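The values are calculated or read from the model by the stated rules, or taken from the named source; none is laboratory data. Keep in mind that this is a model prediction, so the values were computed, not measured. Cβ placement follows ideal geometry from the backbone for every residue including glycine, while neighbour counts extend to all protein chains displayed. Remember, those area values only see protein heavy atoms, side chains included, never the ligands or the DNA or RNA. Shrake-Rupley method; radii C 1.70, N 1.55, O 1.52, S 1.80 Å.
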Amino acid sequence: MTTSLTDRIALVTGASRGIGYATAIALAKAGAHIVAVARTQGGLEELDDEIRKDGGSATLVPLNLTDSDGIARLGAGLHERYGKLDILVGNAGVLGPSSPIGHIELKAFNDVMAVNVSANFQLIRCMEPLLKQSDAGRAVFITSGAANKATAYVSPYAASKAALETLARAWAQETANTKLRINLFNPGPIRTRMRATLMPGEDPATLDTPEQVAEFIVPMCAPDWIETGKFYDYKTRSLMSFRAPA
């Protein structure tokens, strides 16, 4: 079934490449106007060209998500222009150092947390009022299996994704009695630049593409999606509830 997002406003972070890029295009094809956020101006312009090829539209926002004041200004700008936000896709993330914990500098750890956790915290703070103005606000955050596996040698990344999951789940509980729905999406190993950096010897042809993943994110952004506080695992194509350890 084709998802219709006609006239809906969708904010996508990390939209200049990978899963964010593919998701922005897929949301635009479904009819949404894309507010594309990324650090790379060139990547955003390429995205805009692709969206316009299919008759879609986008607003480009070159922004480093560590700029918390910039996120606040973006929220104010969206309020002034649209008065609402229908969809938030928190995709932007950094891998950080791949090293034993004892070899990682504090600054490198903090840099990962700034993008993967603090930026999403600020997005939630600044976008929640706009999402609540929507008739069906939807938020999806991209997480990783590293969060629950506590994957060795990428501890800052794993810790940041675990923190993001808890943040999103807490927000989902706080808004459970509203029209807002908040969920997490775990793509698993996908053919992205981040994956290639982590696993340089891996054959990318063995991995699914960001475009394949995006097709499963779009329905979670639709007004008829009713679940909240859940975890979608792309590898197993299953929607899961979080449970306390046995």
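At-a-glance table
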quantity	calculated
Stretch gain in nm, segment HIS79-ILE101, where the contour uses 0.36 nm per residue and the Cα spacing is subtracted	3.7 nm
Heavy atoms of VAL61: accessible area, 1.4 Å probe, square angstrom to 10	30 Å²
For the chain: relative contact order, % (alpha-carbon pairs under 8 angstrom, 6 or more apart)	19 percent
Relative contact order (%) - criterion: Cα under 8 Å, at least six apart; region: region 98-167	47 percent
Unit charges at the beta carbon, dipole of the chain: most positive-side option, ILE71, THR166, THR59	THR166
Extension gain from ASP111 to LYS53, taking 0.36 nm per residue of separation minus the Cα-Cα distance	17.3 nm
Shape category assigned to region 55-196 from the gyration tensor of Cα positions, a/c cut at 1.5	prolate
Check: region 26-145 dipole with +1 on Lys, Arg Cβ and -1 on Asp, Glu Cβ, in debye	280 debye
Whole-number accessible area per residue in Å² for the chain, which is evaluated in the context of all protein chains at 1.4 Å	49 Å²
Span-like helix ranges in the chain, DSSP H, alpha carbon extent 15 angstrom or more, Kyte mean at least 1.0	18-29
Cross-link pairs LYS84/LYS230; LYS29/LYS149; LYS107/LYS132; LYS107/LYS161 - those with Cα-Cα distance over 28 Å	LYS29/LYS149; LYS107/LYS132
Read-out volume of the Cα convex hull per residue in Å³, derived from the coordinates shown; its label in (i) 123; (ii) 148; (iii) 133	(iii)
Solvent exposure, largest accessible area first (probe 1.4 Å, DNA, RNA and ligands not counted), of ARG243, ARG52, ARG237	ARG243, ARG52, ARG237
Dipole moment magnitude, nearest 20 debye, the chain about Cα centre, only Lys, Arg, Asp, Glu C-beta charged	480 debye
For region 3-120, the spread of Cα positions along each principal axis, largest first, Å	50, 27, 26
Efficiency of FRET between ALA152 and GLU174 - r from beta-carbon atoms, R0 41 angstrom, step 0.05	0.80
